[in-house]
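Okay, so here's the structure we're looking at.
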Amino acid sequence: MRIAIVTDFYYPSLGGITEHVDGQARGLQARGHEVTVVTGRILRTPPVQDDAMPVPEPTFEIARLGSAVPMYVPLCGS
């Protein structure tokens, strides 16, 4: 089966969503599916570096469309 996972967050962005998407894509591919992760291009690499474990190169396709721009909306009254 061909599966596309569409997400705003994927490496080099760090976080739980990134980890979940990567794990899901690797698990589905290990079960014989053809997986593509569709995400945006990050304009600025986050300043945080992850030193826990190196991430192996993905064996599935990554399609980067458009740009992922972080939007910060200030809270009212702050």
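No lab work stands behind these numbers, since they all come straight from the coordinates. None of these values were measured; they are calculated from a predicted model. Virtual Cβ from ideal backbone geometry, glycine too; neighbours counted across all protein chains shown.
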Packing-based order for 23-30, 60-67, 35-42, using average beta carbon neighbours within 10 Å, highest first: 35-42, 23-30, 60-67
Point-to-point label distance, VAL38-ILE17, nm (Cα→Cβ direction, 7 Å offset): 1.6
Sites MET1 and VAL55, calculated FRET efficiency, Cβ-Cβ separation with R0 25 Å, nearest 0.05: 0.50
Spin-label model distance (nm) - SER67 vs ALA30, 7 Å beyond Cα toward Cβ: 3.7
